[in-house]
Amino acid sequence: MALASQAAAHEIVRLPKKVRLAIIGLEGHTSEILDPLDRLPEVELAAVWDRDPKVAHDLSTGKNGRGVRAYSDWHELLDHEKLDIVGICGTNGERAEIILECAGRKLHIVAEKPLATTAADLDRVKHAVAETGIRLTMLISMRFEGVYRALQQIMAAGEIGEVAQISAQKSYKLGERAEWMRNRSTFGGTIPYIAIHMVDLIRWTSGRELVEAVSFQGRVGFPHLREMENTTATIFRLDNQGTAALHMDYLRPDTAPTWGDDRLRLAGTRGVAEYQPATGVTLVTANQSPRQIRDLPPDGSLFLDFLSSVYLGKPAGLELRDIYRVNEIVLAARDSADQHRFMRL
């Protein structure tokens, strides 16, 4: 099983045509786009732009960037390059504008998250995608990881019954935070920025919808962060009267062995399935004592999945309706904290 998974992870994916790719902005999860390029002989990384010219130059001269043109203006890049698909990984506040421009040119889009920092801009993105007929995905890649695929499969098989309570955590080291993250107008808030990963996992692994939310957020210490929150908590009501709790922080010590500590626990009417890095995936049911699940599905690639859907007609592992829904939820959860009120979802 392990050898088969390793072979699948390095399998070449052939597309029926040459695909020219550009990346606008090099913040965030660019590795989700860059790392699979060795397996995509038909995909050419043609051009890049970043507000930091050195970052763009370093990519254009690196392993995946040989022959890539680095531009000083992303509008100029779009005007001069004949493209098929664009990765949009700049700052949160500028993302919607770039998505709208690329959609207007009928280019497929792989966007960082969130798609927009306001509900109004999210509606504009939805309208543009629908009007132009382009394909869009978003870099919430955790549902392609084997550990979370295992949780989803456990739930779908009925091993834990109906999910009634969910606990989730995202905890990160603070590290060096860019200037744009310290201002709400360019960042949009910690809840939209990192809760979006776990909100997608909560919905997908549990099979439940989130219908109401109340949030709290703040910055404790670290005055240099200014408007960036380093602690948040959100309580959700599920569509079956169950509950979910998500707490997040940027308080993980530098001495911790990993950058992040993500955890997800699904409690159902017949058992509990859980993942945390220290213990792996564990399962306890009414019929079996606690055990670790060692035979996990292989990790997948969001970018490969998207290209296979666009160019090979395969079902998408992340559907557009789910992308829009998680954006709606995290913006409402942030607004709940801002406005000190419950939010219907």
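Between helix 92-104 and the chain there is an angle of about 60 degrees, using the helix long axis and the longest principal axis of the Cα atoms.
Quick one: putting +1 on the C-beta of Lys and Arg, -1 on the C-beta of Asp and Glu, what dipole do you get for region 215-345 around its Cα centre, in Debye to the nearest 20? Kindly include the intermediate steps, with their values, before the conclusion.
Values: 15 positive and 16 negative charges, 74 e Å.
So the dipole magnitude of region 215-345 works out to roughly 360 debye.
For region 14-99, take the convex hull of the Cα atoms, compute a quarter of its surface area, and give me that in nm², please.
Numbers: hull surface 21.5 nm².
Taking the Cα atoms of region 14-99, their convex hull projects to 5.4 nm² on average.
Annotation for Arg39 and Thr279: the two label points, set 7 Å from Cα along the Cα-Cβ direction, are 3.1 nm apart.
What length, rounded to one decimal in nm, is gained on full extension from Arg341 through to Thr243, with 0.36 nm per residue of separation minus their alpha-carbon distance? All intermediate terms of the calculation are to be shown ahead of the outcome.
On the way: separation 98, 0.36 × 98 = 35.28 nm, distance 1.73 nm.
The span from Arg341 to Thr243 would gain 33.5 nm if fully extended.
Once Cα extents along the principal axes in Å is worked out from the coordinates, which option in (i) 57, 47, 37; (ii) 61, 49, 45; (iii) 66, 44, 44 does it equal? Read-out taken from this structure: (ii).
Once you reduce region 302-345 and region 173-202 to the center of their Cα atoms, the two points are 15 Å from each other.
Looking at the square roots a ≥ b ≥ c of the eigenvalues of the Cα gyration tensor of region 197-250, which shape do they give, rounded for a/c under 1.5, prolate if a/b is larger than b/c, or oblate? Cα axes put region 197-250 in the prolate bin.
Under the 0.36 nm per residue contour assumption, what length would be gained going from the current alpha-carbon distance of Val211 and Glu319 to full extension?
Details: separation 108, 0.36 × 108 = 38.88 nm, distance 1.95 nm.
Taking 0.36 nm per residue and subtracting the Cα distance, the gain is 36.9 nm.
Just flag the GluC sites (Glu not before Pro) in region 266-345 sitting in loop per DSSP whose Cβ has no more than 16 other Cβ atoms within 10 Å. Mind dumping the intermediate values first?
Working: sites: Glu274, Glu319, Glu328; in loops: Glu319.
Filter output for region 266-345: Glu319.
If the chain linking Thr269 and Ser31 were pulled fully straight, counting 0.36 nm for each residue of separation and taking away their Cα-Cα distance, it would gain 81.8 nm.
Which residue, Ser206, Thr285, Ile23, has the largest displacement toward the positive end of the dipole of the chain when charges sit on each Cβ (Lys, Arg +1; Asp, Glu -1)? The listed residue farthest towards the positive side: Thr285. Probing with 1.4 Å while keeping every protein chain in the model, the per residue accessible area of region 72-219 equals 34 Å².
Model label points for Glu11 and Asp295, set 7 angstrom from Cα along the Cα-to-Cβ axis, are 1.9 nm apart. Secondary structure note: in the chain, about 60% of the DSSP beta bridges are antiparallel. Taking a ≥ b ≥ c as the square roots of the eigenvalues of the Cα gyration tensor, an a/c ratio of 1.5 or more together with a/b no larger than b/c marks region 164-297 as oblate. Kirkwood analysis of region 265-321, using all unique Cα-Cα pairs, places the hydrodynamic radius at 14.0 Å. Computed from label points 7 Å out along Cα-Cβ, the spacing between Lys54 and Asn287 is 6.0 nm. Which of the three applies to region 1-152, rounded, prolate or oblate, going by the alpha-carbon gyration tensor with a ≥ b ≥ c and a/c under 1.5 meaning rounded? Here region 1-152 falls in the oblate category.
Rounded to the nearest 10 degrees, the inclination of helix 196-206 to the longest alpha-carbon principal axis of the chain is 50 degrees. Suppose R0 equals 45 Å; then what is the FRET efficiency for His80 and Arg219 from their Cβ-Cβ distance, rounded to the nearest 0.05? For R0 = 45 Å, the calculated efficiency reads 0.60. A DSSP coil position with no more than 14 other Cβ atoms inside 10 Å describes the following trypsin sites (Lys or Arg not before Pro) in region 263-316: Arg270, Arg294.
Students often get this wrong: which residues of region 226-255 have the backbone nitrogen under 14 Å from the point 7 angstrom along Cα-to-C-beta of Glu162? Answer for region 226-255: 238-243.
The values are calculated or read from the model by the stated rules, or taken from the named source; none is laboratory data. Predicted model only: the values in this text are computed from it and were never measured. Because the Cβ atoms are built from the backbone with ideal geometry, glycine has one as well, and the counts that use them run over all protein chains shown. Protein only, heavy atoms only, side chains kept; ligands, DNA and RNA dropped before computing areas. Shrake-Rupley method; radii C 1.70, N 1.55, O 1.52, S 1.80 Å.
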